Amino acid sequence: MTRNRGTLVAILIVASVMLWCVAGEAAASGIANDSILQAPPYHGQPLTLAIGLHIVNIASIDEVTEQFQMDAYLFEQWIDPRLAFTPSGPDDHERNYAPEQIWIPQLEMINAATPRERYDTSVRVAPDGTVKYAERCRVALSSRFALRRFPFDHQALIIIIHPFLADGPRIRFTLIDNATWTASEFATYSSLAQWNLQAVEPKVGTAPTYGGLTVPEARFSIKVERRSSFYLWKVFLPLTLMVFLSWAVFWIEPNDLSNQIQVAVTTILTVIAFAFAISATMPRLPYLTYIDAFFLECYIYVFVAVVELMTVHVTHRIERRRDLGVRIRAYSKWLIPASFVVSNIVIASHFLR
């Protein structure tokens, strides 16, 4: 009986020791796992974070709201010595993690108009602790548009990336070599019917923040050029022909007021109706663009044709001033079209320079 009790006590002691060891290992493992969820220790040297951007598609560019929608891959790369490991074999050259298992620098697109949608993430770690993070994202961004030359304008769509404010002093941005580009099929499936993509220019630096501090900043500038052929054939050419039509009164007899008024009024109403019809395709801006100036010029020259025909008709009705009306008509036939050409050159040089 005494022997059985001694055996039972020994078993209980061994079991207690084993449980204590397992609990200790679990606690140590938990501490280790918690540590890699935190940023690496800061020893006065900022963490070098390389970033890149692969633009898959730009779905739309809205000049009215000054926003554009982008679908892209965002790449991050840094070294975390805590994740370094010794390969166990030739196939153990890379290990995969879930985003919630390790610390990942939080980046923000500060000119985003809506929160960034993230999906299809990937985290890979090399034996030396090099972490490669990639995410697919979709976001609407705000960018200042310079539309003075519209519709012959070029735009720079800006993407501004900062780290999370608390991590700013601990991070330094660099660019991943050859990691900023657009998809080779971009021209095939792009939704930008009115734009040509020219280039993507990356740049890293710093930006001021509150309290005189600075944070690292990465800017990706997407250069696009508007395809102006739509406006040439659907706006400029019809308006020019309408102005030419208003000049038909110059070749009608001065005493034929009815036909002259009919041509002039029809032209004015046509220009007004045309302006309403295409107003949906024009940006609503607080300043004049080139196409706005051209519209105003066409209005003015159609109105000048009406003023000319009334002046000629009135002077032609007065016997002693009939010659004056004829001379006005003779000069108007050439001076008004010539001044239209000159004013177009002046307007183009002012807006398109």
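The values are calculated or read from the model by the stated rules, or taken from the named source; none is laboratory data. Bear in mind that the values here come from a model prediction, so they are computed numbers and not experimental data. For neighbour counting, all protein chains shown are included, and Cβ atoms are generated from backbone atoms with ideal geometry for every residue, glycine included. These area figures cover heavy atoms from the full protein model, side chains too; ligands, DNA and RNA do not enter into them. Shrake-Rupley method; radii C 1.70, N 1.55, O 1.52, S 1.80 Å.
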Q: Only helical DSSP H runs with n ≥ 4 go in: add -39500 (n - 2.57) per run for the chain, normalise by residue count and round the 222 nm mean residue ellipticity to 500 deg cm²/dmol.
A: -12500 deg cm²/dmol
Q. Counting only protein heavy atoms, what percent of the accessible surface of the chain is carbon or sulfur at a 1.4 Å probe?
A. 61
(Q) Under a Cβ-only charge scheme (Lys and Arg +1, Asp and Glu -1), can you give me the dipole magnitude of segment 197-308 about the Cα centre, in debye to the nearest 20? (A) 660
(Q) Below 14 angstrom from the Cβ of residue 339, what's the summed charge of the other residues (Lys, Arg +1; Asp, Glu -1)? (A) -1
Q) With charges set only on the Cβ (+1 for Lys and Arg, -1 for Asp and Glu), what does the dipole of the chain come to about its Cα centre, in debye to the nearest 20? A) 980
Q) residue 282: accessible area at probe 1.4 Å, nearest 10 Å²? A) 30
Q | Computed E for residue 326/residue 62 - FRET, C-beta separation, R0 51 angstrom, nearest 0.05 | A | 0.40
Q. By accessible area of protein heavy atoms, probe 1.4 Å, what ranking do 144, 219, 317 get, highest first?
A. 144, 317, 219
Q) Amide H neighbours of residue 174 under 5 Å, counting only residues 5+ apart in sequence or on other chains, H built in-plane at 1.01 Å? A) 49, 50, 51
Q | Surface accessible to a 1.4 Å probe, per residue, for the residues of segment 239-344, Å² | A | 57
Q) Which residues' amide hydrogens lie under 5 Å from the amide hydrogen of residue 182, considering only partners 5 or more residues apart or on another chain, with H built in the peptide plane? A) 55
(Q) Apply the Karplus curve 6.51 cos²θ - 1.76 cosθ + 1.60, θ = phi - 60°, to the phi angles in segment 64-79 and return the couplings in whole Hz, x for Gly and Pro. (A) 5, 8, 6, 9, 9, 9, 10, 10, 7, 9, 10, 10, 10, 8, 8, 10
Q) Ordered by residue, what ³J(HN,Hα) values in Hz, to whole numbers, does segment 278-286 give under the Karplus form 6.51 cos²θ - 1.76 cosθ + 1.60, where θ = phi - 60° and Gly and Pro are x? A) 9, 4, 5, 8, 9, x, 9, 10, x
Q: Using only Cα atoms, locate the centre of segment 144-168 and the centre of segment 276-353, then give the distance between them in Å, rounded to an integer.
A: 39
(Q) Heavy atoms of the protein only, probe of 1.4 Å, neighbouring chains included. What is the accessible area of residue 124 in Å², nearest 10? (A) 90
Q. Taking the chain as a Gaussian network, Cα atoms linked when under 10 Å apart, which of 153, 177, 292 shows the biggest mean-square fluctuation?
A. 177
Q: Taking H placed 1.01 Å from N in the peptide plane, check which residues at least 5 places from residue 60 or on another chain put their amide H under 5 Å from its amide H.
A: 69
Q. Accessible area per residue of segment 48-202 at 1.4 Å probe, in Å²?
A. 49
Q) Top to bottom by accessible area (1.4 Å), largest first, where do 268, 222 land? A) 268, 222
Q) How large is the charge dipole for segment 72-149, taken about the Cα centre, if only the Cβ atoms of Lys, Arg (+1) and Asp, Glu (-1) carry charge, to the nearest 20 debye? A) 720
Q: Provide the per-residue ³J(HN,Hα) series for segment 139-148, in order, calculated from phi with Karplus coefficients 6.51, -1.76, 1.60 and θ = phi - 60°, each as a whole number of Hz, with x at glycine and proline positions.
A: 7, 9, 10, 9, 8, 6, 9, 9, 10, 4
Q. With every protein chain present, what accessible area does residue 241 have (1.4 Å probe, heavy atoms only), rounded to the nearest 10 Å²?
A. 100
Q: Using a 1.4 Å probe and counting only protein heavy atoms, arrange 220, 85 so the residue with the most accessible area comes first.
A: 85, 220
